[in-house]
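Some notes on the structure that comes next.
Nothing in this text is a laboratory measurement; each read-out follows from the coordinates by a stated rule. Everything numeric in this text was worked out from a predicted model, so none of it was measured. Heads up, the Cβs are rebuilt from the backbone with ideal geometry, glycines too, and the neighbour counts pull from every protein chain shown.
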Amino acid sequence: MHTSGRVLAWLCAAAIGAQAAVIVFAQPQKQQPQKQQQPSGTARVALTFDDLPAHGPIPPGSSRAEIATKIISALRARHAPPVYGFINAADLKEHPDDEQVLRLWREAGFPLGNHAFTHMDLHANTVEAFEQDILANEPTLRRLMDDGDWHWFRYPYLREGDTAAKHRQVRDFLNAHDYRVAEVTLSFDDYAYNEPYARCLAKQDSASIDWLAKSYLTRAADSLTRGQGQARALFGHDISHVMLLHIGGFETIMLPRLLDLLQERGFTLVALDEAERDPDYAMDPDVPGGWHGTLLDNLQLARHVTPPREPESIFPKLAAVCQ
């Protein structure tokens with residue numbers, strides 16, 4: 001997806017999400033397993049990457065394959081468990097060489113999941129069109145995953161339906177096609193740093209790149225504090241988390257530092273399926289004002305829990321740097 005359009009889309013979605021009304025709580029999607037609290041003193045997170053094979057501009061002197069190789073190398077250096085990459089296979093129609101990114105991901109032992117063929121926005125399209133966009137991704141997933149489990153779906157923009165009817169119809173469709181939803185509990189708009197990084201690198205503006213790195217890490221640290229605080233406010237204890245990241249140029253610089261931060265904060269890396277064994281992931285909150293944001297954001301709206309204060313928007317500064 002193009003970064004500039006995505007920034008506007010997320011800003012608009014944030015404004016809409018803030019107005020969502022608080023409603024009753026829906027029944028869980030599936031029968032809930034017996035409640036098992038996470039052991040005290042542990043923190044676990046599954047890393048996931050969206051928008052494979054192509055996200056954002058390519059920094060000068062780099063390539064899609066090089067971006068993927070560096071991200072994979074950083075993950076393997078920390079002995080990360082299998083990390084899901086969620087794909088938009090429509091990119092391959094115009095850029096067939098980008099399939100190398102998906103093959104590199106698979107050769108590393110990392111699985112692929114469904115992020116909709118064109119990264120379609122459910123809130124701006126019909127249920128029927130959205131379901132077809134999901135199905136259009138499946139031939140590529142079958143071909144590259146062989147017998148692996150590709151039946152994980154990540155909603156583009158984390159938008160799960162602007163009406164209760166659309167939300168329920170798509171959930172029923174996913175259940176009928178044996179998909180599990182790859183929920184998110186930790187997100188800090190990492191995607192928004194890729195475009196300004198490419199601009200600053202082209203201008204050889206090292207001071208601005210240093211500022212981008214500091215801002216990225218600050219927001220990442222704040223997201224950990226926010227997500228763990230939300231979990232404790234909702235459940236009385238922390239849960240295993242799922243972090244949303246994107247495969248982009250700046251991630252090649254920042255992923256090792258992000259992994260250092262997670263280690264400093266006591267997080268252990270786990271696989272997505274292991275993280276979502278936590279019974280709290282079986283909940284599907286009823287938010288008729290529109291499902292958008294992390295699972296924890298939507299649960300707080302449904303449960304009348306006051307969310308933590310939103311951080312100051314970083315988008316105006318990112319749009320202005322290195323222009």
What number of residues within segment 110-129 are within 17 Å of the chain's Cα centre (by Cα) and either of a type outside the set (V, I, T) or closer than 18 Å to H177 by Cα (or both)?
12
Condition first: in contact with a helix residue (DSSP H, G or I) (Cβ under 7 Å, 6 or more places away or on another chain) and among the basic types (K, R). Can you find one or more residues in segment 219-240 that meet it?
no
The correct count of residues that are outside any loop (DSSP other than H, G, I, E, B) and either touching a Cys at 6+ places or on another chain (Cβ under 7 Å) or on the phi > 0 side of the Ramachandran plot (or both) in segment 73-84 is 0
Given the condition surrounded by fewer than 20 Cβ atoms within 10 Å (Cβ to Cβ), farther than 19 Å from Y84 by Cα, out of contact with any Ser or Thr (no Cβ under 9 Å at 6 or more places or on another chain) and among the aromatic types (F, W, Y), answer yes or no: does some residue in segment 230-237 qualify?
yes
Here's a check for you: in segment 160-198, which residue that is out of contact with any strand residue (DSSP E or B) (no Cβ under 6 Å at 6 or more places or on another chain) and of a type in the set (F, W, Y) is farthest from P59 (Cα to Cα)?
F173
Restricting attention to segment 262-288, and to residues there that are crowded, with 21+ Cβ neighbours inside 10 Å and within 16 Å of the chain's Cα centre (by Cα), which single residue is farthest from V181 (Cα to Cα)?
A275
Only listed residue being part of a loop (DSSP other than H, G, I, E, B) and buried (at least 19 other Cβ atoms within 10 Å of the Cβ), chosen from F130, F110:
F110
Filter segment 133-165 down to residues that are outside any helix (DSSP H, G or I) and surrounded by fewer than 18 Cβ atoms within 10 Å (Cβ to Cβ) and give me whichever is nearest to the chain's Cα centre (by Cα).
H151
When every residue in segment 51-72 that is part of a helix (DSSP H, G or I) and within 20 Å of the chain's Cα centre (by Cα) is compared, the one nearest to F110 (Cα to Cα) is I72
Which count do you get for residues in segment 168-209 that are without any contact (Cβ under 8 Å) to a residue 12 or more places away in the chain and either hydroxyl-bearing (S, T, Y) or assigned to a loop (DSSP other than H, G, I, E, B) (or both)?
2
Name the pairs: first residue in segment 77-104 and touching a residue at least 12 places away in the same chain (Cβ under 8 Å), second residue in a loop (DSSP other than H, G, I, E, B) and among the hydroxyl-bearing types (S, T, Y), Cβ to Cβ under 8 Å, at least 6 apart or on different chains?
N88/T118; A90/T118
